[in-house]
Amino acid sequence: MSRISRYRVAFNTILFREVLRFSRIWVQTILPPAITMALYFIIFGKLIGERIGEMDGFRYIDFIVPGLILMSVISNSYANVVSSFYSSKFQRHVEELIVAPVPDWVVLAGYVGGGVARGLVVGIVVTAVSMFFTDLHIHSYGITLTVFVLTSILFATAGFINAVYANSFDDITIIPTFVLTPLTYLGGVFYSIQLLPDFWQQVSLANPVLYMINAFRYGLLGVSDIPLTLALGLIVLFIVALLAYSLWLLRRGVGIKS
Amino acid sequence: MTALKLTDLRKVYGSGFEALKGIDLEVAEEDFFALLGPNGAGKSTAIGIISSLVNKSAGRVEVFGHDLDSDREAVQSCIGLVPQEFNFNQFEPVLEVVINQAGFYGIPRLEARRRAERYLKQLDLWDKRDSESRQLSGGMKRRLMIARALVHQPRLLILDEPTAGVDIEIRRSMWEFLRGINQQGVTIILTTHYLEEAESLCRHIGIINHGEIIEYSNMAELLRRLHLETFVLTLAEPVLVAPEIEGYPITRVDETTLEVIVAQERGINRLFAALDEHGIQVQSLRNKQNRLEQLFMDLLSEANALRRQEPCP
Ligand SMILES: Nc1ncnc2c1ncn2[C@@H]1O[C@H](COP(=O)(O)OP(=O)(O)O)[C@@H](O)[C@H]1O
Ligand SMILES: [Mg+2]
């Protein structure tokens, strides 16, 4: 058995197990974002949105669709890895992987792959929900899909790092609640940062989520507050940094080995 | 060939606690080896290091000639581990636990399923294949971990207190199973609290205490070398004091009963000659049971105190 095919089987096994996990508990994993999304569309899109009028030349509901989809992708990719990897530490079955001849990068790829898979499934479901409320027009499939996948990889990896450091179930909700959600809401899901005073526009530029939402919005609508290449470059940079950090954590056995 | 070789293996935990103080150990291929020691002796730490779960502080681990530092994956492929504590996903069905483990070792799913079926049947778990693993009884969970450890057909099977908390009947059938596996050529190392277990299963033994190997030999030799037999003598006539005989410590139990500790190599003939000289007639003699358990008690009396206290986990 060649090394590569051994790794491939191991990767597929982890990925398959991850997909099975979130599919089994779809009521907790897939359904909630669909419901939340429908509520956002009804309240912000329909009821309030009609009074807001246009944003960046689009109907308000059309303007917020990209951000809302990406928001679900972000939180679900993150949540999948943080809860799955943390529970594998908590129940100790992470040891099944540690004793086996699986290199760290395959373990990481498997878990991140699981997060991306959930991001993808939720993204598709949420997009389908949005079709009930708007006529989704996709400006560029290539850019939309690229941003979608990259963002998902980025936050799945972030979720992995969170899980490595987590020592309790509280620790896996702290970051999503106090960091991720505010960054997403302030990342221009509901508004164009051009509405903000200069100072707050500058502050917003320090928020990485802003770049992703704008890049994604560009893919769907063709408008963005940020130059596309800058946004993509930053996302890739973040991904590389977080993956490298995760591999370092795994090699050191932080939170896993004594 | 040497299945396992440890050289000056040391572990200092983050807390500063020195759990292994430089142990050396060699286990031959196809051996059935017992690592015996009281709670906290460092058994699980040693096994954790061998199986990659714990980082060592110093020393060397070689498994079938592969060095853990330079060829970790080769070492990992050789080993099947049954850890001390349950460590499977509680919500995963039994069959999946085994198939997934095979997958981590690179065994394609179809083949993994075939093997999982074989081992689950052998371990009497096939009927439970679709149950979530948390629904199994303690003994079943142990057996599930054994099936999981065997699915990649390791050359070295390591079991960390596999029969702790398992009732006697299941324990015996587990012993039978392990003997069979060993006969097929799989080297087995187990740690245990049950002395009977080591005695009945193992050919070689290492005794570990406070992070040091204090005894290392084959089971028979260990018994021969260290085993002092105690004989109970019933006398024809009462005696007032125990006679003093060089090399044979004697205690008087009551007026017609004496107990003599006899080192095996001394034999018993000279004792009778000496008793004769003292004018003592022995009516009957019996061997007081004094086996490995007794020996172990001498070696590690503290261990036994712990063992009595300890409820089955
Ligand atoms: N993660 C850890 N951190 C600090 N000390 C530990 C850790 N694990 C085990 N120990 C200590 O190391 C010693 C050996 O433990 P262990 O190897 O589990 O013993 P055994 O398996 O023989 O009962 C014990 O004193 C234990 O408290
Ligand atoms: Mg132990």
Search result, residues across segment B:34-54 that are in contact with a helix residue (DSSP H, G or I) (Cβ under 9 Å, 6 or more places away or on another chain) and either within 10 Å of ligand 1 (Cβ to nearest atom) or part of a strand (DSSP E or B) (or both):
B:A34, B:L35, B:L36, B:G37, B:P38, B:N39, B:G40, B:A41, B:V54
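Per-residue answers, yes or no, for (1) at pLDDT below 85; (2) part of a helix (DSSP H, G or I):
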| site | (1), (2) |
| --- | --- |
| B:L240 | no, no |
| B:T251 | no, no |
| B:R270 | no, yes |
| B:L275 | no, yes |
| B:Q294 | yes, yes |
| B:E302 | yes, yes |
Can we say A:A109 is modelled with pLDDT of 95 or more, open to solvent by 10 Å² or more (accessible area, probe 1.4 Å) and away from chain B (no Cβ under 14 Å)?
no
Got a number for residues in segment A:27-40 being of a type outside the set (S, T, Y) and crowded, with 22+ Cβ neighbours inside 10 Å?
2
Kindly indicate whether any position in segment B:128-151 is without any contact (Cβ under 8 Å) to a residue 24 or more places away in the chain and within 11 Å of another protein chain (Cβ to nearest Cβ).
no
Residues of segment B:46-84 classified as facing chain A (nearest Cβ under 9 Å) and touching a Lys or Arg at 6+ places or on another chain (Cβ under 7 Å), total:
4
State the number of residues belonging to segment B:233-260 that are within 29 Å of B:E221 (Cβ to Cβ), touching a residue at least 24 places away in the same chain (Cβ under 8 Å) and buried (at least 16 other Cβ atoms within 10 Å of the Cβ).
4
Determine if segment B:202-213 includes at least one residue that is within 16 Å of ligand 1 (Cβ to nearest atom), modelled with pLDDT under 85, closer than 30 Å to B:D8 by Cα and not hydrophobic (A, V, I, L, M, F, W, C).
no
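Per-residue answers, yes or no, for (1) closer than 17 Å to A:S192 by Cβ; (2) more than 13 Å from chain B (Cβ to nearest Cβ); (3) without any contact (Cβ under 8 Å) to a residue 40 or more places away in the chain:
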{"residue": "A:F11", "(1), (2), (3)": "no, no, no"}
{"residue": "A:R21", "(1), (2), (3)": "no, no, no"}
{"residue": "A:L39", "(1), (2), (3)": "no, yes, yes"}
{"residue": "A:G53", "(1), (2), (3)": "yes, yes, yes"}
{"residue": "A:I64", "(1), (2), (3)": "yes, yes, no"}
{"residue": "A:G67", "(1), (2), (3)": "yes, yes, no"}
{"residue": "A:N80", "(1), (2), (3)": "no, yes, no"}
Any residue in segment B:55-67 that is among the hydrophobic types (A, V, I, L, M, F, W, C), closer than 24 Å to B:E215 by Cα and surrounded by 19 or more Cβ atoms within 10 Å (Cβ to Cβ)?
yes
Filter segment A:234-258 for residues that are open to solvent by 40 Å² or more (accessible area, probe 1.4 Å) and more than 30 Å from A:F90 (Cα to Cα) and give the result.
A:L234, A:V236, A:L237
Would you check which residues across segment A:1-26 are part of a helix (DSSP H, G or I), open to solvent by 50 Å² or more (accessible area, probe 1.4 Å) and among the polar types (S, T, N, Q) and list them?
A:N12, A:S23
One residue is enough: does segment B:103-111 have a residue meeting the conditions buried (at least 21 other Cβ atoms within 10 Å of the Cβ), small (G, A, S), at the interface with chain A (Cβ under 10 Å from one of its Cβ atoms) and in contact with a Ser or Thr (Cβ under 8 Å, 6 or more places away or on another chain)?
yes
Within segment B:188-209, can you find the residues that are farther than 20 Å from B:I79 by Cβ and either of a type in the set (G, A, S) or within 14 Å of ligand 2 (Cβ to nearest atom) (or both)?
B:H193, B:Y194, B:A198, B:S200, B:N209
Considering only residues that are more than 16 Å from ligand 1 (Cβ to nearest atom), surrounded by fewer than 21 Cβ atoms within 10 Å (Cβ to Cβ) and touching a residue at least 12 places away in the same chain (Cβ under 8 Å), which ones fall in segment B:155-172?
B:R155, B:D167, B:I170, B:R171
Is it true that some residue in segment B:37-54 is crowded, with 20+ Cβ neighbours inside 10 Å, more than 16 Å from ligand 2 (Cβ to nearest atom) and not small (G, A, S)?
no
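The values are calculated or read from the model by the stated rules, or taken from the named source; none is laboratory data. Treat the numbers as computed from the prediction; the structure is a model and nothing was measured. Every residue, glycine among them, receives a Cβ derived from its backbone with ideal geometry; neighbour counts consider all protein chains shown. Just so you know, the surface numbers come from the protein's heavy atoms only, side chains and all, with ligands and any DNA or RNA stripped out. Shrake-Rupley method; radii C 1.70, N 1.55, O 1.52, S 1.80 Å.
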